[in-house]
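The values are calculated or read from the model by the stated rules, or taken from the named source; none is laboratory data. Note that the structure is a prediction, hence the values are computed from the model and not measured. Heads up, the Cβs are rebuilt from the backbone with ideal geometry, glycines too, and the neighbour counts pull from every protein chain shown. Areas reflect the complete protein model, heavy atoms only, side chains present, ligands, DNA and RNA absent. Shrake-Rupley method; radii C 1.70, N 1.55, O 1.52, S 1.80 Å.
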Amino acid sequence: MQIGIPAEIRSGETRVAATPDTVKKLAASGHHKLLVQSGAGSGCSIPDSEFTAAGAAIVNSAAEVYGCDIVLKVRGPERGELAMLKSGGILIGLLAPHKKD
């Protein structure tokens with residue numbers, strides 16, 4: 001199963017949905033391929049190299065991570081991101097469907 005971790009695009013959001021330690025734990029089973037968008041951890045000082053060392057592949061585009069079976073996000077998706085989500089894909093994140101911001 002592929003798990004994607006995109007860079008957060010909401011203004012002021014500096015977090016990333018998974019740390020290298022989380023990636024390492026998910027990759028350890030051998031059942032998951034993890035894709036992390038390049039720069040996803042830059043807002044919280046986690047370089048791409050730490051994700052790679054933990055077992056993830058770094059990809060350049062958000063479309064690649066949104067094409068995964070599961071997508072991990074901190075915040076809910078913006079309209080453009082939602083359109084990239086794979087049909088039947090699972091989105092895991094902090095969702096607030098009735099909040100307007």
Legend entry - Gain in span if fully extended, Ala27 to Arg79, counting 0.36 nm per residue against the direct Cα distance: 15.8 nm
Inset, instruction - Enter the accessible area per residue of the chain (Å², integer; probe 1.4 Å; all protein chains in place). - result: 57
Legend entry - CD proxy at 222 nm, helix term only [per DSSP H run n ≥ 4: -39500 (n - 2.57); per residue of the chain; nearest 500]: -6500 deg cm²/dmol
Legend entry - Charge dipole (debye, nearest 20) of the chain; +1 at Cβ of Lys and Arg, -1 at Cβ of Asp and Glu: 280
Inset, instruction - Bin all alpha-carbon pair distances of region 1-53 at 5 Å intervals from 0 and give each bin's fraction as a whole percent. - result: 5, 22, 34, 21, 12, 5, 1
Inset, instruction - Give the Rg/Rh ratio for the chain, taking Rg as the radius of gyration of the Cα atoms and Rh as the Kirkwood radius, to two decimals. - result: 0.95
Legend entry - Of all accessible heavy-atom area on the chain, the percent that carbon and sulfur account for (1.4 Å): 54
